[in-house]
Ligand SMILES: Nc1nc2c(ncn2[C@@H]2O[C@H](COP(=O)(O)OP(=O)(O)O)[C@@H](O)[C@H]2O)c(=O)[nH]1
Ligand SMILES: [Mg+2]
């Protein structure tokens with residue numbers, strides 16, 4: 001299933017219930033007094049943030065969300081029942097735009113709730129119109145129509161960490177190994193055309209972002225659309241493959257740093273952990289040598305091979321700890 005980061009929908013708040021004309025019936029007096037209740041208010045439409053990056057895909061088929069209408073007023077001056085509100089669940093990081101009013105709401109935190117459409121007020125029953133000059137009011141009003149609009153939702157995914165590196169560095173493989181993601185893996189370049197996402201224990205989102213480096217060589221046209229997924233990432237995981245000749249490892253690292261700089265948006269200033277990948281392809285003394293070389297540039301280094309479960313487990317724990325801070 002492709003990752004969905006944009007949807008559109010139509011939503012409508014409930015209409016207010018109508019106010020009614022009713023009379024109190026007392027013994028011996030047919031129309032003892034006005035007793036028509038007001039209509040109940042229509043339900044409101046809310047959005048609510050959830051920690052679930054796949055929920056937009058599930059909403060994709062739903063074109064319309066509707067809150068319930070209020071009920072009509074009742075006799076004995078009773079107000080009609082209010083219509084139930086609805087809550088549309090959207091992933092944290094959703095930007096919701098009302099296309100009629102232009103109003104924008106952003107969901108930044110888990111469980112955050114925001115009202116996007118107001119239900120209509122209930123109409124007035126005849127009891128409301130009772131006055132010394134109007135003792136037998138025949139008036140009532142109908143309820144106000146609930147607000148209605150088209151919306152777009154764009155996900156500015158708040159990934160906690162972004163995986164970056166040259167093509168073939170092992171980003172998608174590592175994402176799959178660390179999380180339950182199912183990113184495509186290939187030994188050819190540019191396998192990743194959608195952002196792949198996975199969650200570490202605790203719900204920290206890792207994003208394997210295409211276009212950041214893989215598309216960076218001008219003209220691939222992926223750059224900015226996907227870049228928005230890492231704008232707010234706290235941490236970059238910079239993967240460098242040990243498959244390449246030792247002599248080129250630092251150079252590989254620097255190519256990516258330069259691309260980050262070119263992209264701007266503060267990416268070079270983010271915290272970075274260098275992850276040396278595919279350690280199974282070289283011997284232990286080589287790993288040590290490369291670690292020392294890289295440590296002169298960045299002291300936060302981890303090593304991993306997706307073929308070695310214990311190295312994956314160690315890395316997972318290390319990253320969870322880093323992200324908790
Ligand atoms: N031997 C070995 N191969 C790996 C490892 N990680 C990834 N690969 C292989 O390297 C190639 C590129 O991996 P991929 O995850 O698609 O890299 P990406 O382009 O950075 O996403 C694939 O053929 C993977 O099977 C590893 O730890 N050890
Ligand atoms: Mg990939």
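Only the coordinates and a few stated rules stand behind these numbers; no lab work does. Worth saying up front: this structure is predicted, and the values here are computed from it rather than measured. Quick reminder, even Gly has a Cβ in these numbers, built from the backbone with ideal geometry, and neighbours come from all protein chains shown.
As I understand it, the value is the acute angle between the Cα axis of helix 284-295 and the longest principal axis of the Cα atoms of the chain; what does it come to in degrees, rounded to 10?
The answer is roughly 70 degrees.
Based on DSSP, what percent of beta bridges with both residues in the chain are antiparallel, to the nearest 5? The partial results should precede the final answer.
Details: 26 of 53 bridges.
For the chain, the DSSP antiparallel bridge percentage is about 50.
I want to verify a result. In a Gaussian network model of the chain, Cα cutoff 10 Å, which of these has the top mean-square fluctuation: 32, 199, 177?
With Cα springs under 10 Å in the chain, the top fluctuation among 32, 199, 177 is at 32.
Which FRET efficiency value, to the nearest 0.05, is calculated for residue 182 and residue 309 with the Förster distance at 25 angstrom and r the Cβ-Cβ distance? Don't skip to the end; give the middle numbers.
Working: r = 18 Å, r/R0 = 0.73.
After rounding to 0.05, the efficiency reads 0.85.
Please order 263, 31 by the number of other Cβ within 10 Å, starting at the fewest. Walk me through the numbers on the way to the answer.
Numbers: 263 18, 31 12.
In increasing order of surrounding Cβ atoms, one gets 31, 263.
How high is the relative contact order of the stretch 1-155, in percent, with contacts defined as C-alpha pairs under 8 Å that are six or more residues apart?
Details: 539 pairs, mean separation 56.2, N = 155.
Result for the stretch 1-155 is 36 percent.
Using only the alpha carbons of the stretch 1-155, what is the convex hull's orientation-averaged projected area in square nanometres?
Working: hull surface 44.3 nm².
If I average the Cα hull's projected area over directions, I get 11.1 nm².
Compute the angle between helix 249-263 and the longest alpha-carbon principal axis of the chain, please, reported from 0 to 90 degrees and rounded to the nearest 10.
30
Using alpha carbons only, how many angstrom separate the centre of the stretch 87-158 from the centre of the stretch 261-307?
Here the two parts' Cα centres lie 51 Å apart.
Measure nothing but the geometry: give the 0 to 90° angle between the long axis through the Cα atoms of 309-324 and the longest principal axis through the Cα atoms of the chain, rounded to 10°.
The two axes meet at around 50 degrees.
Have a look at the DSSP beta bridges in the stretch 39-153 and tell me what percent are antiparallel, nearest 5. Intermediate values should be presented prior to the final figure.
Values: 11 of 17 bridges.
If I count the DSSP bridges inside the stretch 39-153, around 65 percent turn out antiparallel.
Mean residue ellipticity at 222 nm from the helices of the chain, using -39,500 (n - 2.57) per DSSP H segment of n ≥ 4 over the full residue count, to the nearest 500 deg cm²/dmol? The partial results should precede the final answer.
Numbers: 6 runs with 61 residues, N = 325.
Rounded to the nearest 500, the figure is -5500 deg cm²/dmol.
Would you list 71, 172 from fewest to most Cβ contacts within 10 Å? Mind showing how you got there, number by number?
Working: 71 19, 172 22.
Lowest count first: 71, 172.
Take 286, 233 and order them by how many other Cβ atoms sit within 10 Å, fewest up front. All intermediate terms of the calculation are to be shown ahead of the outcome.
Working: 286 13, 233 23.
Placing the least packed residue first, the sequence is 286, 233.
Taking only the Cα atoms of the chain, how large is their convex hull per residue, in Å³? Show your work: numbers first, answer last.
Details: hull volume 53.9 nm³, N = 325.
About 166 Å³ per residue, rounded to a whole number.
Describe numerically, in nm with one decimal, the distance between label points set 7 Å from Cα along Cα→Cβ at residue 261 and at residue 87.
Between residue 261 and residue 87, the label points sit 4.8 nm apart.
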